[in-house]
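K.L.:
This is the structure I want to talk about, given as structure tokens.
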Amino acid sequence: MNERNRSTMKLDYSTEDLATLISRVQEHFESEFELELGRFEAEELVDFFTQQIGAHFYNRGLYDAQSVMLGKIEDLNDAIYQLEQPVDLG
């Protein structure tokens, strides 16, 4: 991802997804640190982590998808190669 795209990329969570993420952050902080976060604080944390490390996981997903596609292309090339017929030019 180039610099121009990085500065304009923003994840838009559905209302339900954002509520779930906020709830999970609140539960985690409560259980691990005995710290009660309000909705605003938890949403800020979700936004912070999305901006700071979201691109890393997004890119990792792209690399994984590319790897799967390359494997499928290799399989297809092998299948096509097996279809070749012998040629006797002599």
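All of the numbers you see were taken from the coordinates with simple rules; none came from a lab. Keep in mind that this is a model prediction, so the values were computed, not measured. In this analysis, Cβ positions are derived from the backbone assuming ideal geometry, glycine residues included, and neighbour counts consider all displayed protein chains.
K.L.:
Which residue pairs have Cβ atoms closer than 6 Å, lie 6 or more positions apart in sequence or on different chains, and pair a first residue in region 22-36 that is at negative phi with a second residue that is aromatic (F, W, Y) and assigned to a helix (DSSP H, G or I)?
P.N.:
That search, which allows pairs on different chains as well, returns L35/F29.
K.L.:
Here's something else I'd like to know. Only one residue in D47, D88 is free of Cβ contacts under 8 Å to residues at least 40 places away in the same chain and surrounded by 10 or more Cβ atoms within 10 Å (Cβ to Cβ). Which one?
P.N.:
Of the residues listed, the single one that is free of Cβ contacts under 8 Å to residues at least 40 places away in the same chain and surrounded by 10 or more Cβ atoms within 10 Å (Cβ to Cβ) is D47.
K.L.:
Can you tell me which residue in region 31-86 is farthest from D12 (Cα to Cα), limited to those that are among the acidic types (D, E) and in a loop (DSSP other than H, G, I, E, B)?
P.N.:
E84
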